[in-house]
Amino acid sequence: MKFALAALLTLATHAPAVHGFGVVGSRLARSPSAFHNTQRANLATSAGAFSATSRLSAKVDRLTEPNGQLMKDVDVFIFDCDGVIWRGDSVIDNVKETLAKLRKEGKKCFFVTNNSTKSRAGYKKKFDSLGLDVAAEEIFSSSFAVAAHFEQTKFLEKKKGKKVFVLGEIGVCDELDMIGVPWIGGPQDEGKVAPMQPGGKVEHDHDVGAVVVGFDRHINYYKIQYAQLCINENEDCEFIATNLDAVTHLTDAQEWAGNGSMVGAIKGCTGQEPNLVGKPSALMIDYIADKENLDRSKICMVGDRLDTDILFGQNNGLKTCLVLSGVTSEEKLLSDDNKVAPDFYADSIADFFVKASA
Ligand SMILES: [Mg+2]
């Protein structure tokens, strides 16, 4: 299938470009069950990766000769953001220079994050604030993936008059606005309290056709109850998760409960499994690969997490490189308990060049 790449490349921060979603949408819309089967397979792979009995016998190669090991075979780099490009609000040392060198060598760069609290436009502002020259079209957040999913599954056409309930922050809401999908919830429900007096009940909208659960620093019992009512009582109400990350990094002092905890709350009261749109599901890599008409063997996924980034790459036929600038230590990577082996590992993406000239 040929795609209108020019149209796709205009996909940025405003509505006229959203036709770009049609790429994956037109393909996946023909076989949504296949798409979801792929997601399930990916999740199964993810779960199995840590329960397998085989050892990570051959220790992973450290990136010592980046030209020979990596650069000659890779045309496109897909970077996770937190722990690879930045930590919190600080850019990681030498990242800016490394990205500039990659671009000078003609490498394409994309940035993928499971964090749904910002829209694509919101992340563009963050890149700008850190002095990183990145185009909005190079950024793929799980909030964007939610919108892509609704485009692919033709939510507006197939669920006429329906809306989305967002248990999450503004990033998902902004992305839904850009594709014209009506939503309720989001930041508007911050501070709402479920009525607990005798006879108290939460009234929910019976026209909610999908519930999206993304990371939400203001999650409360009202929101959980609302999501529960929509999924359990509304006919054909889809349950979507931006990601299932167990922990996340809100401060540099400790790990914090991630979106897996919020999705878990809704799973617990509905008995339903969500459709996952963020890493390690295939949706975002399918989108990027189709958009650029890429040979997956020429793409390298670079991340700091084994259970999302590296699995995401492996599940989708990409080369993988783990960097130690985020949450995974060298000790953990090389321990016998770890069953996920990236192709290479490095201290940070600065090693893509520094070691070559040493
Ligand atoms: Mg990360």
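The values are calculated or read from the model by the stated rules, or taken from the named source; none is laboratory data. Just so it is clear, the model here is predicted, and its values are computed rather than measured. As a convention, Cβ positions derive from the backbone with ideal geometry for all residues, glycine included, and neighbour counts pool all protein chains shown.
Summary of values
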| item | result |
| --- | --- |
| So Phe150, is it aromatic (Phe, Trp, Tyr) and more than 16 Å from the ligand (Cβ to nearest atom) | yes |
| Qualifying helices (runs of 4 or more DSSP H) (wholly inside segment 125-195; at least 2 residues being in contact (Cβ under 8 Å) with a residue 40 or more places away in the chain) | 142-152, 170-179 |
| Residue in segment 204-212 that is more than 14 Å from Cys81 (Cβ to Cβ), surrounded by fewer than 16 Cβ atoms within 10 Å (Cβ to Cβ) and outside the structural domain of Ile231 (by TED's automatic domain parsing) present | no |
| Count of residues meeting criterion [within 15 Å of the ligand (Cβ to nearest atom) and part of a strand (DSSP E or B)] in segment 70-85 | 5 |
| Any hit, segment 115-132, residues being within 19 Å of Val323 (Cα to Cα) and either touching a Cys at 6+ places or on another chain (Cβ under 9 Å) or crowded, with 21+ Cβ neighbours inside 10 Å (or both) | yes |
| Tally, over segment 171-184, of residues that are under 18 Å from Tyr226 (Cα atoms) and either surrounded by 19 or more Cβ atoms within 10 Å (Cβ to Cβ) or hydrophobic (A, V, I, L, M, F, W, C) (or both) | 4 |
| Residues of segment 183-224 that turn out to be in contact with a helix residue (DSSP H, G or I) (Cβ under 8 Å, 6 or more places away or on another chain) and not charged (D, E, K, R), as a count | 22 |
| Residue within segment 199-206 that is over 19 Å from Thr270 (Cα atoms) and assigned to a loop (DSSP other than H, G, I, E, B) present | yes |
| Enumerated helices (runs of 4 or more DSSP H) restricted to segment 265-358, each holding at least 2 residues that are more than 16 Å from the ligand (Cβ to nearest atom), of a type in the set (Lys, Arg) and at negative phi | none |
| Residue that is assigned by TED's automatic domain parsing to the domain that holds Ala210, in contact (Cβ under 8 Å) with a residue 24 or more places away in the chain and of a type outside the set (Gly, Ala, Ser), where the choices are Ile349, Ile266, Ile288, Ile310 | Ile266 |
| Scan of segment 110-124 for residues that are away from the ligand (no atom under 16 Å from the Cβ) and not in a loop (DSSP other than H, G, I, E, B), ordered by number | Arg120, Ala121, Gly122, Lys124 |
| Yes/no for Asp252 being surrounded by fewer than 16 Cβ atoms within 10 Å (Cβ to Cβ) and more than 30 Å from Cys300 (Cα to Cα) | no |
